[in-house]
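One structure below.
All of the numbers you see were taken from the coordinates with simple rules; none came from a lab. Bear in mind the structure is a predicted one, so any value in this text is a computation, not a measurement. Cβ placement follows ideal geometry from the backbone for every residue including glycine, while neighbour counts extend to all protein chains displayed.
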Amino acid sequence: MMTELRKRCLSCTACPLSRTRTSVVFGVGPERCDVVFIGEGPGQQEDLMGEPFVGAAGKLLDEMLSIIDLGRHNCYIANIVKCRPPNNRDPLPEEQDACIGYLEQQLSILKPKIIVCLGRIAAQRMIRPDFRITRDHGSWTERNGVYYTAMYHPSALLRDHSKRPDAFSDLLSLREKLQVLQIHP
Ligand code: SF4
């Protein structure tokens, strides 16, 4: 199922981002998993390599995951839009609208128990439109048996080290939620 969806996505031209991309960055991870991380869209390295969260931000994400004994092999990583917005600008609402169906279908296949939004754009799209990452990071929302939270995007943590203690406490909160839900990735 995921293979079919991926194939369709890789040839998508539903929004103007298709004209400037190098690769469609579909997402990566096992076909069934309990924890999904969602960013906003591919950056330059991701666009070149066709994989989400590579480069410096990806390395930091890997380090963050290792703090709570998670790894890429036991969670899924995807983005709100699958093609890189030029100059790493925020994806426009109409681009998000065009692309979000792919993510929704990915989630219906994956059936995660926890969704972790990385940064404001993903949190506003997946949790609620007025989500403020500086105020609301680390909070939890339950919807239809799925637990949603958000933490700072690794790129923000690379730019601003003062946010790292907050990111660390959000990771501990995620670890606690994994324990409470008896998820052993
Ligand atoms: S961003 Fe999404 S909707 Fe737009 S072309 Fe890429 S895959 Fe299609």
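Within the chain, helices built from complete DSSP H runs that reach 18 Å or longer along their own axis (Cα positions) and carry a mean Kyte-Doolittle hydropathy of 0.0 or higher are 55-67.
Between the residues 123, 183, 100, the greatest Cα displacement towards the positive end of the dipole of the chain, with unit charges on the Cβ of Lys, Arg, Asp and Glu, is found for 100.
When DSSP beta bridges are restricted to pairs lying wholly in the chain, around 25% turn out antiparallel.
Taking a quarter of the surface of the Cα convex hull of the chain gives a mean projected area of 9.5 nm².
The stretch 144-185 and the stretch 111-138 have Cα centres lying 11 Å from one another. Think of each Lys and Arg Cβ as +1 and each Asp and Glu Cβ as -1; about the Cα centre, that makes the dipole of the stretch 65-170 roughly 160 debye. Remark: the stretch 24-95 carries a charge dipole of roughly 100 debye about the Cα centre, counting +1 on each Lys and Arg Cβ and -1 on each Asp and Glu Cβ. Residue exposure proxy: 66, 169, ordered by other Cβ atoms within 10 angstrom of their Cβ from fewest to most, comes out as 66, 169.
Per residue, the convex hull spanned by the Cα atoms of the stretch 1-75 amounts to 93 cubic angstrom. For the chain, the Cβ-based charge dipole about the Cα centre amounts to some 160 debye (Lys, Arg positive; Asp, Glu negative; other atoms uncharged).
Here r is the Cβ-Cβ distance between residue 135 and residue 184 and R0 is 30 Å; the resulting FRET efficiency, rounded to 0.05, is 0.40.
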